[in-house]
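The values are calculated or read from the model by the stated rules, or taken from the named source; none is laboratory data. All values derive from a computational prediction rather than experimental measurement. Positions of Cβ are backbone-derived with ideal geometry, glycine not excepted, and every protein chain shown enters the neighbour counts. What goes into the accessible areas is simple: the full protein's heavy atoms, side chains included, and nothing from ligands, DNA or RNA. Shrake-Rupley method; radii C 1.70, N 1.55, O 1.52, S 1.80 Å.
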Amino acid sequence: ARRLDRRQKLLFEAESSARRNAAIAMKWASLFEKEIPLDLLNDMEAQREACLKVIGQKDELIKEFQLVLRSKDEEYVKSLKRWAEDIDSLLASMTDQFRQQQRQYELETHEIERVFKQERKELIDSNKMEMEKLMDSRSNMEQEHLDQRQKRIQEFQEHDQRNRLKDSEEYTNLKIKLETEIQKLEQQLEVMRATYQLNTEKLEYNYRVLSERNEENSNTINQQKRKIARLVDNLSSLMAKYSKTDKHYKQENMDLTEEYRRITEQFQDLQGKYRHFQTSDAKKFDEIWAMKEGEVKKYLGTVLQADKIIHEQQLGLYWYPPNEEAVNAAFQEARLRAKSVGKKKIMDQYPQADTIQSLLTDVSPEVRRMFTLLCDEAGFLVESKIRKVVDGVPR
């Protein structure tokens, strides 16, 4: 906590001194503009006092840290003396305990040695008596055994002679076989020695490689620790920036949401007015067209009557009246062409008269499909209030 307080003091002192230095530096430019010596002297005195205040504040902070450093040095020296005294007392107590244990162990050793000597003497006496009995019985058994041994020796000599001849042959065969196996084993031994040498070199090489990798991993771990510390600092700063930015954008989102709602209502009102005037204009156009079409039909009847008179009376030809269905189709085609020409003129005069229709006409099918997908899938990005407003707008 004290270290944190000192750190905060240093930061506060740095900030305050920076502000004062900036204020002092800003005043130097105004001094060059002074023309009256007295005002210049007063301003220079004020600058000097401000500089002395900054220096005095820094000197006070230096003295405070020097006092803290001196107190820490004294506390460290006292701790060293206290630790030295504790170690001396611990060594003295350990020496006394060691001497007491040594004396106790010496007494126990002498007592054990005395009991051992007494038991050893008793055991030797009993063993001597038992040995004498055994020697007597042994002498008797030896005599009997000698007699039996002489008989067995004769039998064994005869049997041995027979086995000797037999074993000599077996020995010769076995010797040949063993020498062959020895040669094979020596060859295998040489192979194993070479394999052992190769494995030894491989293990030494692997050990060196693993040692180098261990050092590299240690360096990498240290670098990663430093990187983690640096990233933690960056994370804290980014979190602060994120909270500030998030607050700003939330407010901006609320403002834009309200603006979007207002514009949506205006757009709906404008759409209603546009449909109303469009219907009214279409109705007026149909009425005017019907009136003009009647007049044209009257003129057409007059022209046809004149054409009939010219064919029959002047030219002497038979006159064929025109097809009524073709005439009506021509009038209908002329009406549709007039509507399309009128719409085109309106679009040329007012390019923004039908913004939605122009957007839907100019957009390619792929882009229209992408906009439809965004409208269907990006609903979680829009607030509930905006979604209610948008649901009321016709697509």
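Could you put Thr200, Thr279 in order of accessible surface area, largest first, with the 1.4 Å probe and the full protein assembly present? Each step should come with its number before you reach the end.
Working: Thr200 40, Thr279 95 Å².
Result of the area sort, largest leading: Thr279, Thr200.
Return the subset of Lys27/Lys58; Lys308/Lys339; Lys273/Lys339; Lys58/Lys225; Lys9/Lys53; Lys9/Lys63 for which the Cα-Cα distance in this structure is over 24 Å, preserving the input order.
Lys308/Lys339; Lys58/Lys225
Dipole magnitude of the range 128-173 about its Cα centre, charges +1 at Lys/Arg Cβ and -1 at Asp/Glu Cβ only, in debye to the nearest 20? Walk me through the numbers on the way to the answer.
Working: 9 positive and 12 negative charges, 9 e Å.
In total the dipole reaches around 40 debye.
Go through Ser280, Gln223, Tyr242 and say which Cα lies farthest out towards the positive end of the charge dipole of the range 211-281; charges sit on Cβ, +1 for Lys and Arg, -1 for Asp and Glu.
About the Cα centre, the residue reaching furthest to the positive side is Gln223.
Which one of Phe65, Leu123, His110 has its Cα pushed farthest toward the positive end of the charge dipole of the range 39-125, where Lys and Arg give +1 and Asp and Glu give -1 at the Cβ?
Leu123
Would you check the accessible area of Ile112, probe 1.4 Å, heavy atoms only, in square angstrom rounded to 10?
Surface open to solvent at Ile112 totals about 120 Å².
Using θ = phi - 60° and the Karplus relation 6.51 cos²θ - 1.76 cosθ + 1.60, list the HN-Hα couplings for the range 126-135 in order, rounded to whole Hz, with x at every Gly or Pro.
5, 5, 4, 4, 5, 5, 5, 5, 5, 5
So, taking all protein chains as they sit and a 1.4 Å probe, how much accessible area belongs to Leu315, in Å² rounded to tens?
Number for this one is 110 Å².
With a 1.4 Å probe and all protein chains kept in place, how much accessible area does Phe98 have, in Å² rounded to the nearest 10?
The accessible area comes out at roughly 130 Å².
For the range 107-120, what does the Karplus curve 6.51 cos²θ - 1.76 cosθ + 1.60, with θ = phi - 60°, yield as ³J(HN,Hα) per residue in whole Hz, taken in order and with x for Gly and Pro?
4, 5, 5, 4, 5, 5, 5, 5, 5, 5, 5, 5, 5, 5
What shape does the range 215-279 take by its C-alpha gyration tensor, where a ≥ b ≥ c are the square roots of the eigenvalues and a/c under 1.5 counts as rounded, a/b above b/c as prolate, and the rest as oblate?
Values: a/c = 14.98, a/b = 4.09, b/c = 3.66.
Prolate shape, in that a/c is at least 1.5 and a/b is the bigger ratio.
Just to make sure I understand: if all protein chains stay in place, what is the order of Thr302, Thr220 by accessible area at 1.4 Å, largest first?
Result of the area sort, largest leading: Thr302, Thr220.
Give, rounded to the nearest 20 debye, the magnitude of the charge dipole that the range 18-175 has about its Cα centre when Lys and Arg contribute +1 at Cβ and Asp and Glu contribute -1 at Cβ.
Numbers: 29 positive and 35 negative charges, 95 e Å.
The dipole of the range 18-175 has a size of about 460 debye.
Can you tell me how the range 142-204 classifies by the Cα gyration tensor, rounded, prolate or oblate, using a/c under 1.5 as the rounded cut?
Oblate is the answer for the range 142-204, as a/c is 1.5 or above yet b/c matches or exceeds a/b.
Identify, among Leu165, Leu198, Ile182, the residue whose Cα sits farthest towards the positive end of the charge dipole of the range 156-203, taking +1 on the Cβ of Lys and Arg and -1 on the Cβ of Asp and Glu, with the dipole about the Cα centre.
It is Leu198.
Apply the Karplus parameterisation 6.51 cos²θ - 1.76 cosθ + 1.60, with θ equal to phi minus 60°, to every residue of the range 87-93 and state each ³J(HN,Hα) to the nearest whole Hz, in sequence, with x for glycine and proline.
With coefficients 6.51, -1.76 and 1.60, one gets 5, 5, 5, 5, 5, 5, 5 Hz.
Please compute the Kirkwood hydrodynamic radius of the range 128-237 from all pairs of different C-alpha atoms, in Å with one decimal. Mind showing how you got there, number by number?
Values: mean 1/r = 0.0426 Å⁻¹.
Roughly 23.5 Å, rounded to one decimal.
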